[in-house]
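Notes follow the structure.
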Amino acid sequence: MNSLATAAFFAFGALLVLFGANASDIIRDLSLDYSDFGLVASMLSMGIGCGILCAGPLADRFPRRPLFLVSVGGVAVASFWVGPTTGYTTLLVVSFAIGFGAGFYETLLNTVIVEQSGTSAPRRLLFIHSAATLGATITPFAIGLLREPLSVSWYDSFHAAGSLHVALLLGLPLLPATAGVRPRSEIHRKPQGSDGRFLLASICAVTFVYVGVESALTFFVADYAQNDLGLAAGRASGVIGFFWLGLLIGRLAVGLAPRSPSAGSTALLALVSAGIVAIFFLGGSLAAEIAMTLIGLFLGGVFPIMIGMAGMARPNAPGLAVSLAAGLGSLGGFAIPWLTGVLATSTSLATALAMLSVWLLLLVIASAIVHRRHAR
């Protein structure tokens, strides 16, 4: 199961950065402005959110293998659909379809991991989600390195992602066929009632902001690096990779730390990241690669820790709890990139990206609330 989950999350990570790594080419070929491109990012996140919300209840009730087959196959079909004649409307539909399938199989795997791991779920999810971070780290570098020597078009990278998802179907027998049964002793000692619901709501607030900021940086920072900082196209694509490299290092560091992951440490680290975002996009002297690595480093543990805590907050329905937390995250992934694009069109991309620090302050507050409630 670990091998399938790791491979699937690697493929999921590659999908997250496809649009951002090809941002300048897509904007040029389809004659888009930042608001238009922000909507493409938002449609991907909306698709992920819808897939997550659909997957949660279904994962608690139906066999997992057919659900995995359909969702992964759907991503492959949508990825192969794009080509040189793809228009803006088609791209929006493809973006939603890719997101829907990816969100569905991500939630399915998250649910299985929470079922199998119990109280150790946050730590296990840190390592498995690191595979997604690795996929998102490698993909921009690969696109940047291969674009000119092999004359790789932006849609060729989508076809490669589709092929990767076809290969995932070979691991279908490794997935548990049916839902697991949690031990009664473990269920009764987890948060219940109104306190559990408030804890879950606070977790959802954290994931809303985190995914929104992650998506906005992933979609816009390469174009910012190329057009505002004057970096070459290949290096600009790599800036996204450094952001995800920071996320990878952060997740591995939290997962390997002797202390159990906590929402309190998440809040403190996110506060540092908010400061770096503000300094860098308001004209700080940090190199783009260093700044984005540090931003990712201090945000690395946020999402997998919160997803693990969500399953623990509602142990009688872990699939539903995980889908709510991840689904609200994807809603943030829809709203924040779109708002960032609108703000960038009316002001400047630098100003819009600097405003992400304000969103991160909200994440800090919500994480502190989660820490206090979970301690109770």
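Annotations for the structure displayed:
- The slack in the chain from Arg372 to Leu286, taken as 0.36 nm per residue of separation less the alpha-carbon distance, amounts to 27.5 nm.
- With a Förster radius of 56 Å applied to the beta-carbon distance between Ser348 and Arg197, the computed FRET efficiency rounds to 0.85.
- Net charge of Cβ neighbours under 14 Å - reference Leu299; Lys, Arg +1; Asp, Glu -1: 0
- Gain on full stretching of the segment that runs from Ser31 to Val358 - 0.36 nm per residue minus C-alpha separation: 114.7 nm
- Neighbours of Ser265 by Cβ distance under 14 Å: Lys/Arg scored +1, Asp/Glu scored -1, total +4.
- Ser3/Ser151 FRET efficiency (R0 35 Å; Cβ-Cβ; nearest 0.05): 0.50
- Debye, to nearest 20: dipole size of the chain, +1 on Lys, Arg Cβ, -1 on Asp, Glu Cβ: 1600 debye
- For the chain, calculated [θ]222 nm from helices alone, where every DSSP H run of n ≥ 4 adds -39500 (n - 2.57): -28000 deg cm²/dmol
- Degrees, to the nearest 10: 34-61 long Cα axis against longest axis of the chain: 20 degrees
- Gain in span if fully extended, Arg259 to Thr90, counting 0.36 nm per residue against the direct Cα distance: 56.1 nm
- Each label point was placed 7 Å from the Cα along the Cα-to-Cβ direction; for Asp228 and Phe62 their separation is 4.3 nm.
- Cα long-axis angle, helix 121-146 against the chain (0 to 90 degrees, to the nearest 10): 10 degrees
- Value of relative contact order over the chain, rounded to a whole percent, pairs C-alpha under 8 Å and six or more apart: 30 percent
- Nearest 10 degrees, 0 to 90: helix 263-281 Cα axis against the chain principal axis: 10 degrees
- Highest GNM mean-square fluctuation among Ser45, Ser265, Ser346, for the chain modelled with Cα contacts below 10 Å: Ser346.
- Candidates Asp156, Asp36, Asp228: whichever shows maximal mean-square fluctuation once the chain is modelled as a Gaussian network with Cα springs under 10 Å: Asp228
Each reported figure results from applying straightforward, stated rules to the coordinates on display, with no laboratory input. Note that the structure is a prediction, hence the values are computed from the model and not measured. Because the Cβ atoms are built from the backbone with ideal geometry, glycine has one as well, and the counts that use them run over all protein chains shown.
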